[in-house]
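Student: Take a look at this one; I'll ask things after.
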Amino acid sequence: MKNPKSLVLLIFSIAMGSQLIFAQTHNIQVDFKKPGSPIQKTMYGIFFEDINYGADGGLYAEMIKNRSFEFPQSLLGWTSFGNVEVRTDDPAFPNNPHYVRLSYPGHDEKRTGLDNEGFFGVSVKKDADYRFSVWARLPEDENSSIRIEFIDSESNIFSSQKLTIDSKEWKKYQVIIKASKTELKGRLRIFLTSKNTLDLDHVSLFPVDTWKGRENGLRKDLAQALYDLHPGVFRFPGGCIVEGTDLNTRYQWKNSVGPVENRKLNENRWEYTFPNRFFPDYFQSYGMGFFELFQLSEDIGAEPLPVISCGLACQFQNHSDKANVPVSEIQPYVQDALDLIEFANGNVTTKWGKLRADMGHPASFNLKMMAVGNEQWGSLYPERLEPFMKAIRAKYPNFKIIGTAGPSPDGKDFDYGWAQMKKMKADLVDEHYYRDPQWFLSNANRYDKYDRKGPKVFAGEYACHPKNRINNFESALSEAAFMTGFERNADVVYQCTYAPLFAHVQGWQWKPDLIWFDNLRSVQSVNYYVQQLYGMNVGTNVLTTVEDKLPLEGQDGLYASSALDKNKKEIILKIANTSDAVQKVTYTFNGLKAAGRTGTQTVLKSDNLDLENTLDNPNAVIPVTKDLNVSGNTLELELAPKSFNLYTIKL
Ligand code: AHR
């Protein structure tokens, strides 16, 4: 080295390490002159599946397990005492024929009744009201009565109410019980208080204070958490449960609508999928069925996106075509799809439109799209998808059909699936990826290379899985960085939904998950906050964002995208710094008039990549927002190491 100055600089560089990286400023150009592709309103959404006790024992606020005595073991979830008999003669509800008969135990000092253990306990909050309801009848002429009791974990009764049964016909009775204390691991007891026999069915307990106060309602904190995400699209009800372990146990939407008492129970495949997390009491009551899911979509302002069975039983669990419906016999499945569109949108004079109206929603749910199949692969899929496409297109030419590229984000089956979807002109293709942080970071450019002329992308299930599969900050930051690639490619990526959505802390089968809960509390994971930042700041158009003419896809650990929101009249900048160093960044807004402007700056950061939000420490990593003042048409920033940053600038 001839130049001594260079030598000094080199030694200095080695000595200073990352500080020199700090000194380098990234000059980022945002093209404000020519707003780019529109960003779909559906861009950031949610995906609900009854996994991890997401529905029964979760979002669906019913507190009684096996309320209709229809589990294969009729009294699973119940402890009976005295003279209790399970019967099926002359039932109240033909699809759910089992009920219990409570009779005098034979001696005044003996007792008859039954306790329900709830989902991981019957959990109540002090001073809150709970609606107990039951269908009952008198097999004989005399009135009979029961006492309904809340029992704590030490077997003490702490609240109770009486109910008199006065009809020989099946009739619904209800009573409100106020909890005199908070109890997480309680039970509900039904105590026969008369010598006279009675029959009981569909025993139900809900908090009065459900989401929107509905009687067959949803847990308020969990529904609110969904609303707060501002989701653009709502995919339901699965996932693998759509397919079924066998076709008999696939999700059949028609079984999930109509009077709640008569909805046929289905097993839940997540009961036994992972033998190391086996839950013999995990079933689908369908109390939160397709009507309630459409209603929830409407409540949270998201486009509904039902997924229906394409006649293939879960391909992971079945290795022969014998498990599937033959293509020649697929018509009833296709009819289910057509009927579903009629249920959602049809006039109230149509068969299925009338049912929707009878259930309380005469107005259309305005369903615009449907996914046929979940994670399907190989030639079995396109040959079954075809009759669906033909029939749906013939009747509803503008309806969007979503096909699948299978369970992996690449490989032979994925390529085959995509090629078929292009050939068949599916409107969107559903891609799934559960991968590690490195995959997410190195795939932020994934969609830059996609064919712009083919079907659009729906990233229908994705989540970053770090080493021990926890919802740690590292996974959230990797997702935030990766998602800049969704936004930058909004001309081809139309929607995306993180998966899975919910998990009960005691009842999970799969993790990580977006929202965790026990029976009384819930917590938003760090990943939730990433989804929320995107969901609340969608924008209307992409703004080209480059450094040295290249998108920021990992240079010095930086990932960036920008959007214009024509409605809110603001610019939205999203930038992740995944490096260990502070990064100096100067944004220049080409085409924007220099002026003083206001805005906001939000940062999600942590020094500890393994940190996660928990029920006991829900705010370990949360976004922090401050005001921002901008002068001229540039913005100089110092991005903290390991941070996701979001700026809004008012125009
Ligand atoms: O999200 C959990 C499961 O992952 C879904 O049910 C399935 O589609 C995927 O394999």
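The values are calculated or read from the model by the stated rules, or taken from the named source; none is laboratory data. Keep in mind the model is a prediction, meaning the values are calculated, not measured. For neighbour counting, all protein chains shown are included, and Cβ atoms are generated from backbone atoms with ideal geometry for every residue, glycine included.
Student: For region 408-431, which residues satisfy the criterion of being surrounded by fewer than 21 Cβ atoms within 10 Å (Cβ to Cβ) and within 16 Å of the ligand (Cβ to nearest atom)?
Tutor: Answer for region 408-431, where residues must be surrounded by fewer than 21 Cβ atoms within 10 Å (Cβ to Cβ) and within 16 Å of the ligand (Cβ to nearest atom): SER408, PRO409, ASP410, GLY411, ASP413, PHE414.
Student: Could you grab me the full set of residues in region 282-305 that are aromatic (Phe, Trp, Tyr) and under 18 Å from ALA357 (Cβ atoms)?
Tutor: Scanning region 282-305 gives PHE290, PHE291, PHE294.
Student: Any residue at all in region 234-244 that is among the aromatic types (Phe, Trp, Tyr), more than 16 Å from the ligand (Cβ to nearest atom), assigned by TED's automatic domain parsing to the domain that holds ALA503 and under 19 Å from the mean Cα position of the chain (by Cα)?
Tutor: Narrowing region 234-244 to residues among the aromatic types (Phe, Trp, Tyr): 234, 236.
Among the residues that remain, those that are also more than 16 Å from the ligand (Cβ to nearest atom) are: none.
No, region 234-244 has no match at all.
Student: Please work out which residue is nearest to ILE649 (Cα to Cα), limiting yourself to region 539-571 and to residues that are assigned to a loop (DSSP other than H, G, I, E, B) and touching a Leu at 6+ places or on another chain (Cβ under 7 Å). Don't jump to the end; show me each part of the working.
Tutor: Step one: of region 539-571, the residues assigned to a loop (DSSP other than H, G, I, E, B) are 539-540, 544, 548-549, 552, 554, 566-569.
Narrowing the set further to residues that are touching a Leu at 6+ places or on another chain (Cβ under 7 Å) leaves 539-540, 552, 554, 569.
Details: GLY539: 12, THR540: 14, LEU552: 20, GLY554: 24, LYS569: 9 Å.
The qualifying residue nearest to ILE649 (Cα to Cα) is LYS569.
Student: Scan region 187-209 and tell me whether some residue there is among the polar types (S, T, N, Q) and more than 30 Å from GLU140 (Cα to Cα).
Tutor: Let us first name the residues in region 187-209 that are among the polar types (S, T, N, Q), namely 193-194, 196-197, 204.
Among the residues that remain, those that are also more than 30 Å from GLU140 (Cα to Cα) are: none.
The answer is no; no qualifying residue exists.
Student: Using the structure shown, decide if LYS574 is farther than 23 Å from ASN489 by Cα, touching a helix residue (DSSP H, G or I) at 6+ places or on another chain (Cβ under 7 Å) and outside any loop (DSSP other than H, G, I, E, B).
Tutor: no
Student: Another question about this same structure. Tell me whether region 384-397 contains one or more residues that are within 16 Å of the ligand (Cβ to nearest atom) and either surrounded by fewer than 21 Cβ atoms within 10 Å (Cβ to Cβ) or on the phi < 0 side of the Ramachandran plot (or both). Before the answer, list the steps.
Tutor: Pass one, region 384-397, residues within 16 Å of the ligand (Cβ to nearest atom): none.
The answer is no; no qualifying residue exists.
Student: Another question, then. Return a yes/no flag: does region 141-158 have any residue that is of a type in the set (Gly, Ala, Ser) and under 19 Å from ASP209 (Cα atoms). Walk me through it before giving the result.
Tutor: First, the residues of region 141-158 that are of a type in the set (Gly, Ala, Ser): 144-145, 153, 155.
Checking the rest, the ones that are also under 19 Å from ASP209 (Cα atoms) come to none.
No, region 141-158 contains no residue that is of a type in the set (Gly, Ala, Ser) and under 19 Å from ASP209 (Cα atoms).
Student: A follow-up question, please. Residue by residue through region 263-298, note down the ones that are buried (at least 20 other Cβ atoms within 10 Å of the Cβ), of a type in the set (D, E, K, R) and closer than 21 Å to ASP339 by Cα.
Tutor: Scanning region 263-298 gives ARG263, GLU292.
Student: Starting from residues that are away from the ligand (no atom under 11 Å from the Cβ) and aromatic (Phe, Trp, Tyr), keep the ones in region 484-501 and report whichever is farthest from PHE283 (Cα to Cα). Walk me through how you get there before you give the answer.
Tutor: Taking region 484-501 first, the residues away from the ligand (no atom under 11 Å from the Cβ) are 484-496.
Checking the rest, the ones that are also aromatic (Phe, Trp, Tyr) come to 486, 494.
Values: PHE486: 36, TYR494: 33 Å.
Only one residue tops the list, namely PHE486.
Student: Evaluate the following for LYS110: is it modelled with pLDDT of 95 or more, closer than 12 Å to LEU188 by Cα, not in a strand (DSSP E or B) and not polar (S, T, N, Q)? Write out each step before concluding.
Tutor: On the way: modelled with pLDDT of 95 or more: yes; closer than 12 Å to LEU188 by Cα: no; not in a strand (DSSP E or B): yes; not polar (S, T, N, Q): yes.
When the stated conditions are applied, LYS110 does not pass them.
Student: With respect to ASN468, is the statement that it is away from the ligand (no atom under 15 Å from the Cβ), under 27 Å from SER643 (Cα atoms), at pLDDT below 95 and surrounded by fewer than 24 Cβ atoms within 10 Å (Cβ to Cβ) true? Steps first, please.
Tutor: Values: away from the ligand (no atom under 15 Å from the Cβ): yes; under 27 Å from SER643 (Cα atoms): yes; at pLDDT below 95: yes; surrounded by fewer than 24 Cβ atoms within 10 Å (Cβ to Cβ): yes.
So ASN468 fits the description; yes.
Student: A further question follows. Check off (1) within 16 Å of the ligand (Cβ to nearest atom); (2) in the same structural domain as ALA179 (by TED's automatic domain parsing); (3) not basic (Lys, Arg) for TYR53 and give me the number that stays unchecked.
Tutor: So the condition that TYR53 fails would be (2).
Student: Determine whether PRO618 is in a loop (DSSP other than H, G, I, E, B), modelled with pLDDT of 95 or more and over 24 Å from TYR44 (Cα atoms). Before the answer, list the steps.
Tutor: Numbers: in a loop (DSSP other than H, G, I, E, B): yes; modelled with pLDDT of 95 or more: yes; over 24 Å from TYR44 (Cα atoms): no.
No.
Student: Only residues in region 381-392 that are within 13 Å of LYS422 (Cα to Cα) count as the first member; pair them with residues that are assigned to a helix (DSSP H, G or I), Cβ under 6 angstrom, at least 6 apart or cross-chain, and list the lot.
Tutor: As it stands, the answer is PRO382/GLN420, since those pairs meet every condition given.
Okay, residues lined up against (1) farther than 13 Å from HIS202 by Cα; (2) hydroxyl-bearing (Ser, Thr, Tyr); (3) in contact (Cβ under 8 Å) with a residue 40 or more places away in the chain:
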| site | (1), (2), (3) |
| --- | --- |
| PHE69 | no, no, yes |
| PRO72 | yes, no, no |
| SER80 | yes, yes, no |
| GLU85 | yes, no, no |
| ASP89 | yes, no, no |
| ASN96 | no, no, yes |
| TYR99 | no, yes, yes |
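Student: For region 619-648, name all the residues that are under 17 Å from ALA595 (Cβ atoms) and of a type in the set (Asp, Glu). Steps first, please.
Tutor: Step one: list which residues in region 619-648 are under 17 Å from ALA595 (Cβ atoms), which gives 627-636, 647-648.
Those that are under 17 Å from ALA595 (Cβ atoms) and of a type in the set (Asp, Glu): ASP627, GLU636.
Here's the yes/no breakdown for (1) surrounded by 15 or more Cβ atoms within 10 Å (Cβ to Cβ); (2) modelled with pLDDT of 95 or more; (3) on the phi < 0 side of the Ramachandran plot:
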residue	(1), (2), (3)
LEU114	yes, yes, yes
GLY121	yes, yes, no
ASP127	no, yes, no
VAL134	yes, yes, yes
GLU154	no, yes, yes
GLN161	yes, yes, yes
GLU169	no, yes, yes
GLN174	no, yes, yes
LYS181	no, yes, yes
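Student: Given the conditions (1) within 16 Å of the ligand (Cβ to nearest atom); (2) over 26 Å from GLU70 (Cα atoms); (3) in a loop (DSSP other than H, G, I, E, B), which single one is not true for PHE365?
Tutor: Status for PHE365: all satisfied but (1).
Student: Could you check region 116-140 and list, in sequence order, the residues that are closer than 16 Å to LEU200 by Cα and not in a strand (DSSP E or B)?
Tutor: LEU138, PRO139, GLU140
Student: Report yes if SER153 is in contact (Cβ under 8 Å) with a residue 24 or more places away in the chain, in a strand (DSSP E or B) and not acidic (Asp, Glu), otherwise no. Break it down into steps so the answer makes sense when it comes.
Tutor: Details: in contact (Cβ under 8 Å) with a residue 24 or more places away in the chain: yes; in a strand (DSSP E or B): no; not acidic (Asp, Glu): yes.
For SER153, the condition - in contact (Cβ under 8 Å) with a residue 24 or more places away in the chain, in a strand (DSSP E or B) and not acidic (Asp, Glu) - is not met.
Conditions (1) assigned to a loop (DSSP other than H, G, I, E, B); (2) charged (D, E, K, R); (3) assigned by TED's automatic domain parsing to the domain that holds LYS390, marked per residue:
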site: PRO409; (1), (2), (3): yes, no, yes
site: GLY417; (1), (2), (3): no, no, yes
site: LYS422; (1), (2), (3): no, yes, yes
site: VAL429; (1), (2), (3): no, no, yes
site: HIS432; (1), (2), (3): no, no, yes
site: TRP439; (1), (2), (3): no, no, yes
site: GLY460; (1), (2), (3): no, no, yes
site: SER475; (1), (2), (3): no, no, yes
site: SER478; (1), (2), (3): no, no, yes
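Student: Same structure again: Hey, can you tell me all the residues within region 368-380 that are out of contact with any strand residue (DSSP E or B) (no Cβ under 7 Å at 6 or more places or on another chain) and within 14 Å of the ligand (Cβ to nearest atom)?
Tutor: Step one: list which residues in region 368-380 are out of contact with any strand residue (DSSP E or B) (no Cβ under 7 Å at 6 or more places or on another chain), which gives 377-380.
TRP377 - this is the single residue of region 368-380 that is out of contact with any strand residue (DSSP E or B) (no Cβ under 7 Å at 6 or more places or on another chain) and within 14 Å of the ligand (Cβ to nearest atom).
Student: So, one more: Can you find a residue in region 514-531 that is under 19 Å from VAL624 (Cα atoms), away from the ligand (no atom under 16 Å from the Cβ), aromatic (Phe, Trp, Tyr) and not assigned by TED's automatic domain parsing to the domain that holds LYS642?
Tutor: For region 514-531, residues under 19 Å from VAL624 (Cα atoms), away from the ligand (no atom under 16 Å from the Cβ), aromatic (Phe, Trp, Tyr) and not assigned by TED's automatic domain parsing to the domain that holds LYS642: present.
Student: Among the listed residues ILE146, ILE176, which satisfies the condition of being within 25 Å of ARG219 (Cα to Cα), assigned to a strand (DSSP E or B), assigned by TED's automatic domain parsing to the domain that holds THR88 and among the aliphatic types (A, V, I, L, M)? Before you say what the answer is, go through the steps one by one.
Tutor: Working: ILE146 fails: within 25 Å of ARG219 (Cα to Cα).
Exactly one residue qualifies, and that residue is ILE176.
Student: Inspect all residues belonging to region 446-461 and state whether any of them is within 16 Å of the ligand (Cβ to nearest atom), farther than 20 Å from VAL603 by Cα and acidic (Asp, Glu).
Tutor: Filtering region 446-461 for residues within 16 Å of the ligand (Cβ to nearest atom) gives 458-461.
Remaining after also requiring farther than 20 Å from VAL603 by Cα: 458-461.
Okay, now just the ones that are also acidic (Asp, Glu), so 461.
Within region 446-461, one or more residues are within 16 Å of the ligand (Cβ to nearest atom), farther than 20 Å from VAL603 by Cα and acidic (Asp, Glu).
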